[in-house]
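Participant: Questions regarding the structure given below will be posed in turn.
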Amino acid sequence: MDLASSRLTWNLLACLCLSVAPLTAQPTTVDNVVLITLDGARTQEIFGGLDIGVLRSTIDDVAVETTEVYQRYWASTPEARRKRLMPFFWGTLMADHGSIAGNRTHGSIVAITNTQRFSYPGYAEILTGKAHDDIITSNDNRRYPFPTVLDFLKNELGLDRNQVAAFAAWETFRWIVSNEAGGFTVNAGYQAATDPDPVIRALADQQFETLTPWDNVRHDFYTFRMAMAHLAAHKPRVLYLALGETDDWAHDERYDRSLQALAHSDDYLRELWEWLRAHEQYRDRTALIITVDHGRGNTVADWTDHGSETEGAQYIWMAFVSPTVSLRGEWRDHDPIQQDQVAATLARFLGLDFRSLTPTAGLPIKALFAPAR
Ligand SMILES: [Zn+2]
């Protein structure tokens, strides 16, 4: 090899090294975050799938084995049952890309710190980084003066109103997501679209033709589809997707529909994940937190309910997917995680400190940011 060609080889190698290194090293921050909540989805179903006692309590005098729900979702172990209910979440997302805390049978506790155990206080705790027990005491359509992590990220990252977006099943999210109206894209409950995008327009029209039994909660289908259309049209860096049917069907004592809503949520997670993976702005540059506003009762008598008097409703679950985190599967035997840590954790994924805005907010969840070993 003469000097010229060896120099060429060396240059080529140097070049290769430079381009390969960033790909092989685990990144420490991401560019985008996605927050997803499944309203009132119990730890029992998330970690154990179909609850046979609850199913029995909701059917008439027929053998439980003959029901479609049983045939579709039953299996002999909790691990097999949850995988039948949420095959993508358990078979792919938590197995290959992320991890989940909250399975109390493994010594993993995730709890809310507000004492109310219903929706607005839970979402406020998630988004503002702390409980506001003295002030947020109802699910009324009211705005409070506490900035949310969505407000914070918009300001810190200098994003426009389409680059931060919240799509929600429940109309009260129009008030929950921000301490001021109009700062970023919000579409929640039965709400017309202001976006000229034709897909979003068509979905917004159709939602009014296909009503749910509830005046202020639309079908998750529309919330999800609008969020996907917004992703495609505007490429937001901060997205919040708040699904709700898991809670509403449970209140209506429709265990079958509540399970079906979880199964649909699993389909939505799959579609969202595949979309993120297919787009360079998001692939390996996006962190997801998937969680819930509150739990529900533990027993066949109170699985439909939640509130300050409902034992069990204080326990939630929380899943994390990020290219910066190598944890997979279920967390075991760790310090309890609190709901008020979500806001600072989301910000920390982006390299930002939410506590610079709200010093009393919960801390980022430490295990997600431990130095690689
Ligand atoms: Zn709720």
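The values are calculated or read from the model by the stated rules, or taken from the named source; none is laboratory data. What you see is a predicted model, and the numbers here were worked out from it, not measured in a lab. We place every Cβ from the backbone using ideal geometry, glycine too, and count neighbours over all the protein chains shown. Surface accessibility is based on the protein's heavy atoms, side chains included, excluding ligands, DNA and RNA. Shrake-Rupley method; radii C 1.70, N 1.55, O 1.52, S 1.80 Å.
Participant: Can you tell which of LEU93, LEU127, LEU153 is at pLDDT 95 or above, in a helix (DSSP H, G or I) and either charged (D, E, K, R) or farther than 17 Å from ILE290 by Cβ (or both)?
Facilitator: On the way: LEU93 fails: either charged (D, E, K, R) or farther than 17 Å from ILE290 by Cβ (or both); LEU127 fails: either charged (D, E, K, R) or farther than 17 Å from ILE290 by Cβ (or both).
Checking each option against the conditions leaves just LEU153.
Participant: Filter segment 164-192 down to the residues that are of a type in the set (Val, Ile, Thr) and part of a strand (DSSP E or B) and list them by number.
Facilitator: Scanning segment 164-192 gives VAL164, THR185, VAL186.
Participant: All but one of (1) assigned to a helix (DSSP H, G or I); (2) closer than 16 Å to ARG117 by Cα; (3) open to solvent by less than 10 Å² (accessible area, probe 1.4 Å) hold for ALA344, so report the exception by its number.
Facilitator: ALA344 satisfies every listed condition except (2).
Participant: Only one of these conditions is not met by ARG117: (1) within 16 Å of the ligand (Cβ to nearest atom); (2) touching a helix residue (DSSP H, G or I) at 6+ places or on another chain (Cβ under 9 Å). Which number is it?
Facilitator: Status for ARG117: all satisfied but (2).
Participant: Follow-up. All but one of (1) of a type in the set (D, E, K, R); (2) within 16 Å of the ligand (Cβ to nearest atom); (3) open to solvent by 40 Å² or more (accessible area, probe 1.4 Å); (4) assigned to a helix (DSSP H, G or I) hold for GLU65; state the number of the condition that does not hold.
Facilitator: It fails just one condition, (2).
Participant: Follow-up question, since we're still on this one. Starting from residues that are among the aliphatic types (A, V, I, L, M) and under 18 Å from THR345 (Cβ atoms), keep the ones in segment 152-186 and report whichever is most open to solvent (accessible area, probe 1.4 Å). Outline the logic, then answer.
Facilitator: The initial filter retains those residues of segment 152-186 that are among the aliphatic types (A, V, I, L, M), namely 153, 157, 159, 164-166, 168-169, 176-177, 181, 186.
Keeping just the survivors that are under 18 Å from THR345 (Cβ atoms) gives 153, 157, 164, 166, 177.
Values: LEU153: 1, LEU157: 45, VAL164: 0, ALA166: 4, VAL177: 1 Å².
Within segment 152-186, the match that is most open to solvent (accessible area, probe 1.4 Å) is LEU157.
Participant: What residue, of ALA287, ALA343, is among the hydrophobic types (A, V, I, L, M, F, W, C) and under 29 Å from GLY91 (Cβ atoms)? It would help to see each step written out before you state the result.
Facilitator: On the way: ALA343 fails: under 29 Å from GLY91 (Cβ atoms).
Every option except ALA287 fails the conditions.
Participant: Are any residues in segment 288-325 within 22 Å of THR43 (Cα to Cα), within 20 Å of the chain's Cα centre (by Cα) and hydrophobic (A, V, I, L, M, F, W, C), and if so, which ones?
Facilitator: LEU288, ILE289, ILE290, VAL292, ALA313, ILE316, TRP317, MET318, ALA319, PHE320, VAL321
Participant: So, one more: Of the residues ASP205, ASP195, ASP215, only one is assigned to a loop (DSSP other than H, G, I, E, B) and farther than 22 Å from ILE136 by Cβ; which? Before the answer, list the steps.
Facilitator: Numbers: ASP205 fails: assigned to a loop (DSSP other than H, G, I, E, B); ASP215 fails: farther than 22 Å from ILE136 by Cβ.
Answer to the check: ASP195.
Participant: From VAL110, VAL149, which residue is β-branched (Val, Ile, Thr), open to solvent by less than 20 Å² (accessible area, probe 1.4 Å) and more than 25 Å from GLY307 (Cβ to Cβ)?
Facilitator: Details: VAL110 fails: more than 25 Å from GLY307 (Cβ to Cβ).
Of VAL110, VAL149, the one residue that is β-branched (Val, Ile, Thr), open to solvent by less than 20 Å² (accessible area, probe 1.4 Å) and more than 25 Å from GLY307 (Cβ to Cβ) is VAL149.
Participant: Shifting gears a bit: Could you give me the residue pairs with C-beta distances under 6 Å whose first residue belongs to segment 294-323 and is farther than 20 Å from ALA124 by Cα, whose second residue is acidic (Asp, Glu) and more than 14 Å from the ligand (Cβ to nearest atom) wherever it lies, and which are 6+ apart or on separate chains?
Facilitator: If the second residue must be acidic (Asp, Glu) and more than 14 Å from the ligand (Cβ to nearest atom), the pairs left are THR304/GLU253; PRO323/ASP284.
Participant: Can you tell me which residue is farthest from the ligand (Cβ to nearest atom) among those in segment 166-182 that are among the charged types (D, E, K, R) and within 14 Å of SER119 (Cα to Cα)? Outline the logic, then answer.
Facilitator: Taking segment 166-182 as the starting set, the residues that turn out to be among the charged types (D, E, K, R) are 171, 174, 180.
Filter once more, keeping what is within 14 Å of SER119 (Cα to Cα): 171, 174.
On the way: GLU171: 13, ARG174: 16 Å.
My answer is ARG174.
Participant: Return the residue satisfying two criteria in turn: it lies in segment 229-244 and is open to solvent by 20 Å² or more (accessible area, probe 1.4 Å) and within 18 Å of ILE36 (Cα to Cα), and of such residues it is nearest to the ligand (Cβ to nearest atom).
Facilitator: Keep residues of segment 229-244 that are open to solvent by 20 Å² or more (accessible area, probe 1.4 Å), which gives 232-235, 237.
Cutting the leftovers down to within 18 Å of ILE36 (Cα to Cα) gives us 232, 235, 237.
Working: ALA232: 28, LYS235: 29, ARG237: 27 Å.
That would be ARG237.
Participant: Does any residue in segment 265-278 that is under 16 Å from ASN32 (Cβ atoms) come within less than 7 Å, Cβ to Cβ, of a residue that is loosely packed, with under 13 Cβ neighbours inside 10 Å six or more places away or on a different chain, and which pairs are these?
Facilitator: LEU276/ARG283; ARG277/ARG283
Participant: Among the residues of segment 121-141, how many are charged (D, E, K, R), within 16 Å of the ligand (Cβ to nearest atom) and open to solvent by 50 Å² or more (accessible area, probe 1.4 Å)? Walk me through it before giving the result.
Facilitator: Of segment 121-141, the ones charged (D, E, K, R) are 125, 130, 133-134, 140.
If we keep only those that are within 16 Å of the ligand (Cβ to nearest atom) too, we end up with 125, 140.
Filter once more, keeping what is open to solvent by 50 Å² or more (accessible area, probe 1.4 Å): 140.
Residues meeting the conditions: 1.
Participant: Would you be able to tell me the number of residues in segment 31-50 that are part of a loop (DSSP other than H, G, I, E, B), open to solvent by less than 10 Å² (accessible area, probe 1.4 Å) and more than 14 Å from the ligand (Cβ to nearest atom)?
Facilitator: Adding up the residues that qualify gives 2.
Participant: Still on this model: For segment 100-124, give me each residue that is in a helix (DSSP H, G or I) and within 17 Å of the chain's Cα centre (by Cα).
Facilitator: Step one: filter segment 100-124 for residues in a helix (DSSP H, G or I), giving 104-106, 119-124.
Within segment 100-124, SER119, TYR120, PRO121, GLY122, TYR123, ALA124 meet the criteria.
Participant: Restricting to segment 255-308, and then to whatever is assigned to a helix (DSSP H, G or I), surrounded by 20 or more Cβ atoms within 10 Å (Cβ to Cβ) and of a type in the set (Phe, Trp, Tyr), can you tell me which residue is farthest from the ligand (Cβ to nearest atom)?
Facilitator: So the residue we want is TRP273.
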